[in-house]
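K.L.:
Sharing a structure, written as structure tokens. Questions coming.
The values are calculated or read from the model by the stated rules, or taken from the named source; none is laboratory data. These numbers come from a predicted model, not from an experiment. So basically every Cβ, Gly included, is an ideal-geometry build from the backbone, and we count neighbours across all protein chains shown.
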Amino acid sequence: MIITRPRDWERIEDNLASIGARSVFIMGCGQCATVAHTGGETEVAEVAARLEALGLEVTGWTVGEVTCHLGGTKLESRKHGGDIEAADAVLVLACGAGVQTVADSVTKPVFPGLESLFLGNVIRNGIFEERCLMCGECVLDKTAGICPVTTCPKGLLNGPCGGMWEGMCEVLTDRECTHVRIRRRLTEQHRAGKGTLAPKDFSKTLKPGGVNIRGHGDSR
Ligand code: SF4
Ligand code: SF4
């Protein structure tokens, strides 16, 4: 899921002030931002109260089912068309993809209410870790299911680096070195000694990405 955190409140205030907004519609997201406790019903209600305390009118709010889904967000926007029309701006408590989807669905100025951080694993409720950078050329088959691209702070495919000390990471000193973990798991699975990984092909991560499973695979 996409991990988000609340945007600095001063930036939200500045954004609204930049267009002289006196009224706001708020849209959250029922998926990642709800799980991250940044854009679900509770957080939307908190932001609404905060805006009202500033003297702004909240014309309405909703938590879309999947805010980055264009069709669903257009439908949600139509359902709340009157409240959105009555607002000077729409504040979106979703990841950057969701904010852009809302911006494509309404005619009012749209502002982000969150900062998008990373694709994260949910370790347990409220604890998230980055485990995949979506490099487009996965090496987990060769690294015993531990991603060196993401979990080694230097992104080294082959390691450990010269800074590893007694099995611990030079950069994140409270963590075991990724390559020590990889080597141990490969050894436990009798898969060690399979050589080094080839350099990555960074053309696989050219932006913006796009996939069209209705057509020829890549919509870029
Ligand atoms: S190698 Fe790492 S970054 Fe690349 S796809 Fe696999 S898990 Fe994600
Ligand atoms: S100690 Fe290991 S995990 Fe840390 S930067 Fe070096 S190779 Fe990467």
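K.L.:
Which numbered condition trips up Asn158, out of (1) of a type outside the set (A, V, I, L, M); (2) under 30 Å from Arg11 (Cβ atoms); (3) within 16 Å of ligand 1 (Cβ to nearest atom); (4) in a loop (DSSP other than H, G, I, E, B)?
P.N.:
Result: Asn158 passes all but (2).
K.L.:
Follow-up. Working only within segment 163-197, note down all residues that are outside any loop (DSSP other than H, G, I, E, B) and of a type outside the set (Asp, Glu).
P.N.:
Answer for segment 163-197, where residues must be outside any loop (DSSP other than H, G, I, E, B) and of a type outside the set (Asp, Glu): Trp165, Met168, Thr178, His179, Val180, Arg181, Ile182, Arg183, Arg184, Arg185, Leu186, Thr187.
K.L.:
Any chance you could count how many residues in segment 116-140 are within 9 Å of ligand 1 (Cβ to nearest atom) and either on the phi < 0 side of the Ramachandran plot or outside any loop (DSSP other than H, G, I, E, B) (or both)?
P.N.:
9
K.L.:
If you don't mind, there's one more thing I want to ask. Check Leu119 against each of (1) of a type in the set (A, V, I, L, M); (2) farther than 16 Å from Gly193 by Cα; (3) within 16 Å of ligand 2 (Cβ to nearest atom) and name the one condition it does not meet.
P.N.:
So Leu119 meets the others, but not (3).
K.L.:
List the residue pairs whose Cβ atoms are under 8 Å apart, where the first residue sits in segment 157-179 and is within 25 Å of Asp141 (Cβ to Cβ) and aliphatic (A, V, I, L, M), the second is within 16 Å of ligand 1 (Cβ to nearest atom) and outside any loop (DSSP other than H, G, I, E, B), and the two are 6 or more positions apart or on different chains.
P.N.:
Once the first residue is within 25 Å of Asp141 (Cβ to Cβ) and aliphatic (A, V, I, L, M) and sits in segment 157-179, its partners that are within 16 Å of ligand 1 (Cβ to nearest atom) and outside any loop (DSSP other than H, G, I, E, B) give Leu157/Pro148; Leu157/Val149; Met164/His179.
K.L.:
Right, another one. Does segment 121-129 contain at least one residue that is under 14 Å from Cys29 (Cα atoms), in contact (Cβ under 8 Å) with a residue 40 or more places away in the chain and not assigned by TED's automatic domain parsing to the domain that holds Cys152?
P.N.:
Here is the first cut: in segment 121-129, the ones under 14 Å from Cys29 (Cα atoms) are none.
Scanning segment 121-129, I find no residue that is under 14 Å from Cys29 (Cα atoms), in contact (Cβ under 8 Å) with a residue 40 or more places away in the chain and not assigned by TED's automatic domain parsing to the domain that holds Cys152, so the answer is no.
K.L.:
Filter segment 159-183 down to residues that are surrounded by 15 or more Cβ atoms within 10 Å (Cβ to Cβ) and more than 9 Å from ligand 2 (Cβ to nearest atom) and give me whichever is nearest to the chain's Cα centre (by Cα).
P.N.:
Of everything passing the filter in segment 159-183, Ile182 is nearest to the chain's Cα centre (by Cα).
K.L.:
Something else now. Hey, does segment 93-113 have a residue that's part of a loop (DSSP other than H, G, I, E, B), more than 13 Å from the chain's Cα centre (by Cα) and not assigned by TED's automatic domain parsing to the domain that holds Ile12?
P.N.:
The answer is no; no qualifying residue exists.
K.L.:
Hey, another quick one. Given the structure, is Ala103 surrounded by fewer than 18 Cβ atoms within 10 Å (Cβ to Cβ) and within 14 Å of Leu70 (Cβ to Cβ)?
P.N.:
yes
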